[in-house]
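Accompanying notes for the structure given below.
The values are calculated or read from the model by the stated rules, or taken from the named source; none is laboratory data. Just so we're clear, the structure is a prediction, and the values are computed from it rather than from any experiment. Glycine also receives a Cβ, built like all others from the backbone with ideal geometry; neighbour counts cover every protein chain displayed.
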Ligand code: 2B7
C-alpha cells in the first residue's frame with residue numbers, strides 16, 4: 001500500500017499538534033486510561049451514530065467486539081459527508097477524524113447535536129488514542145475508505161467501490177501503550193446500550209461479542225422509550241399502579257419523564273442530559289423534585305386528603321418508593337461536580353418545574369385512583385418519618401448519656417487520622433476476638449457483629465435508627481445515614497467487611513452492602529468499602545513456609561508447591577471453614593496485614609444494576625432471586641455491584 005504523502009500546511013500542523021496533545025494527556029479528554037476510559041472510546045463513536053438517529057436518518061446501530069478487542073461500529077445513517085471541507089482542505093470525513101473538536105461544525109442541517117459522550121470530544125480523540133482506525137462510508141452511490149495510525153492519516157479518503165446503500169462503519173483498536181487494559185467488559189457495554197435504546201425510542205442497537213468461542217449477543221429496541229425503561233427498573237418490584245406515568249414537553253428544551261411508584265422504601269430517580277447519565281443530579285432534578293412535592297401537596301389539600309391541621313408532606317415522603325427517569329435535551333449543557341455529571345444550567349430548573357407542575361397536575365386530576373394510592377403511601381411515609389425522628393432522638397439521648405458516642409463493642413485504633421485508619425466489621429464473637437488480638441492497633445479498629453442482621457430492604461428508616469445491629473456500625477463510621485450522611489466525617493478511610501467464605505458469610509456481606517448502598521451510598525461511591533478475603537486453604541509441611549490459598553481451585557497452589565520442589569503427597573492441606581479457625585497470628589498474616597492480605601474494593605459503576613442486584617437479593621420476589629443466584633453464583637468474587 002502506498003503511503004499518503006502529506007503536504008503539511010499550517011492547518012494540518014495544528015491538527016497533528018492537537019492529536020499529539022490528546023496522546024500526551026489522554027485523561028483530560030476521556031477521564032482516565034483505565035477500563036472506564038477504554039469504554040469511553042466506544043461511547044464516543046456510538047454517540048455519533050445515535051446523533052444520526054436523533055436527526056431521524058438512522059434506525060440501526062451494530063457494535064461488534066471482534067477477537068483481539070477490535071471494536072466495530074456500523075450505522076445505516078446518511079454516511080459522514082465525503083466532500084472537501086473548505087477550511088482544512090481535507091474531506092469532511094477526514095476532518096471529523098483528525099481535527100480536535102471538529103464535532104458540531106458538521107451536519108449543521110442535520111438537526112442539532114444533542115447526544116455526545118461524557119466529554120463530548122468526538123471521533124478525533126478516539127482516533128488519536130487508537131493503534132489504528134479505519135472508516136468506511138457508503139454515500140452518494142460510492143464506498144469510501146480512509147485509515148489512520150495513532151491519529152495520523154495513512155490512507156486518505158478514497159472511493160473504493162460503488163453502493164446504493166448509505167451508512168458509516170468504524171473499526172478501531174485502542175492503543176495498548178496508552179490504556180491500562182484493552183479488555184472490554186461485555187456487561188458494561190450491554191448496560192450502556194440498553195440504556196441508550198431506552199432513551200432513544202425505536203432505535204435498534206445490537207451488540208455482538210466475538211472474542212470467545214461462544215458469541216454473546218444482545219438486541220435492544222424499545223418502542224415505549226422511557227416507559228419501557230421504568231418498567232425494566234421495576235420489573236422485580238411490587239407496583240402501586242400498573243402502568244408508568246409518562247409526561248413530555250417538546251420545544252427548545254425537550255423534557256421527557258416517566259414515573260412509577262412501588263411498595264419499596266427507596267428512591268430511584270435517574271436523570272439524563274443529552275443521553276448522558278447525570279449521576280450527580282443538577283438543575284433538572286432540582287426542578288423535578290420541587291414540582292413533585294408541590295403537585296402532590298396541592299392535590300392532597302384540594303381533595304381534603306390533607307386536612308387543614310395537617311403539616312405538608314416533605315419531599316422525602318413523596319419520593320419514597322418512586323422510580324423515575326428524567327431525560328432532558330440541552331443545547332449547551334454545563335456540567336459541574338466532581339465527575340462532571342451534574343447539570344449546572346440554571347434555566348433548566350424552572351423549565352422542568354413548570355412542565356411537571358402542569359402535566360403531572362393534569363395527570364392526577366384525570367387518574368384519581370392512582371393519585372390516591374400514591375398519596376396513601378406518602379402519608380404512611382410521613383408517619384414513619386415522624387417515628388424515625390423520635391427513634392433518632394432517643395438514640396442520640398441514649399448515646400450522649402453513655403458519654404462516649406462509640407459503640408461498646410468497638411475496639412478502636414489509636415490513630416485519629418481517618419485516611420490511615422481501617423475498621424474491620426467482623427462476623428462472630430470468636431473471629432472478633434482473634435481480630436482484636438491479631439490487629440495492628442495503631443490503625444486497625446475491630447467491630448464485632450453477631451446475631452441476625454436487619455434486612456434494610458424490608459424496613460423503613462425508623463427501624464434502622466436504634467437497631468442494635470446497625471447502630472454500632474453507624475456510630476463507628478461516625479458520619480450519619482441517609483440524607484444526613486456526611487462523607488467528610490467518616491472515621492476510617494477503609495471500612496472492611498470480614499466474613500466467612502461460606503453461605504452465611506455471603507449473606508451477612510450482602511446485608512451490610514445493602515445497608516451501605518441504601519443508607520451510605522457515598523461511602524461506596526467514594527471507594528471506602530472493602531471486603532476482606534480470608535484464605536480457603538493452608539498447605540503446610542515441616543521445614544516449609546505455610547502456603548495460604550484463596551481460591552476454590554487448588555491447581556495454582558500445586559503448581560507453586562511443585563516450583564518449590566515439594567512433593568504434594570507430603571503436604572498437609574487444611575480447609576478453613578471459617579475465620580474462627582484461625583489464631584490471631586494467622587488472621588493477621590493472611591487477612592489483615594496490608595503487606596500480604598487481599599482486599600476487594602467494592603465499586604459501583606452503575607447504580608441501576610446495583611439497585612437491581614439488591615432488589616433481587618434482598619427483596620420479596622423469590623423466583624427471580626433464585627434465578628439470579630444460579631446465574632451469578634460467584635458474584636461475591638466479582639464485586640462490581
Ligand atoms: C459532527 C460529526 C461527528 N456526520 C455527519 C452526517 C452523518 C453522520 C456523521 C455518522 C459511528 C460509527 C458507525 C450530516 C458528524 C458527522 O455529518 S457521523 N453519521 N455516523 C457515525 O459516526 N457513526 C451527515 C448531514 C448530512 N449527511 C450526513
(request) Please verify whether region 502-517 includes one or more residues that are modelled with pLDDT of 90 or more, surrounded by 14 or more Cβ atoms within 10 Å (Cβ to Cβ) and in a loop (DSSP other than H, G, I, E, B). (result) no
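Yes or no, residue by residue, for (1) closer than 17 Å to residue 175 by Cβ; (2) in contact with a helix residue (DSSP H, G or I) (Cβ under 8 Å, 6 or more places away or on another chain); (3) within 10 Å of the ligand (Cβ to nearest atom):
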site: 29; (1), (2), (3): yes, yes, no
site: 59; (1), (2), (3): no, yes, no
site: 70; (1), (2), (3): yes, no, no
site: 80; (1), (2), (3): no, yes, yes
site: 89; (1), (2), (3): no, yes, no
site: 92; (1), (2), (3): no, no, yes
(message) Which condition from (1) modelled with pLDDT of 95 or more; (2) surrounded by fewer than 18 Cβ atoms within 10 Å (Cβ to Cβ) is the one that residue 446 breaks?
(response) (2)
(request) Would you tally the residues in region 140-154 being surrounded by fewer than 18 Cβ atoms within 10 Å (Cβ to Cβ) and either on the phi > 0 side of the Ramachandran plot or not in a strand (DSSP E or B) (or both)? (result) 2
(request) Go through region 295-346 and count every residue that is under 26 Å from residue 460 (Cβ atoms), outside any loop (DSSP other than H, G, I, E, B) and either under 31 Å from the mean Cα position of the chain (by Cα) or touching a residue at least 12 places away in the same chain (Cβ under 8 Å) (or both). (result) 16
(request) Would you please name the residue that is farthest from the ligand (Cβ to nearest atom), looking only at residues in region 48-57 that are outside any loop (DSSP other than H, G, I, E, B) and out of contact with any strand residue (DSSP E or B) (no Cβ under 9 Å at 6 or more places or on another chain)? (result) 54
(message) Residue under question is residue 259, and the condition is that it be in a strand (DSSP E or B), under 25 Å from the mean Cα position of the chain (by Cα) and free of Cβ contacts under 8 Å to residues at least 60 places away in the same chain; does it hold?
(response) no
(message) Can you pull out every residue in region 31-47 that is touching a strand residue (DSSP E or B) at 6+ places or on another chain (Cβ under 7 Å) and either near the ligand (Cβ under 9 Å from one of its atoms) or without any contact (Cβ under 8 Å) to a residue 40 or more places away in the chain (or both)?
(response) 45, 46
(request) Give 223, 213, 206 a once-over and let me know the one that is within 16 Å of the ligand (Cβ to nearest atom), more than 24 Å from residue 125 (Cβ to Cβ) and over 19 Å from the mean Cα position of the chain (by Cα). (result) 206
(request) Those residues that are over 21 Å from residue 549 (Cβ atoms) and in a strand (DSSP E or B), I need them from region 590-611; list them, please. (result) 601, 603
(request) Of all residues in region 330-366, count the ones that are surrounded by fewer than 20 Cβ atoms within 10 Å (Cβ to Cβ), under 20 Å from residue 241 (Cβ atoms) and touching a strand residue (DSSP E or B) at 6+ places or on another chain (Cβ under 8 Å). (result) 2
(message) Could you check region 70-90 and list, in sequence order, the residues that are in a loop (DSSP other than H, G, I, E, B) and buried (at least 17 other Cβ atoms within 10 Å of the Cβ)?
(response) 76, 77, 78, 79, 80, 81, 82, 85, 88, 90
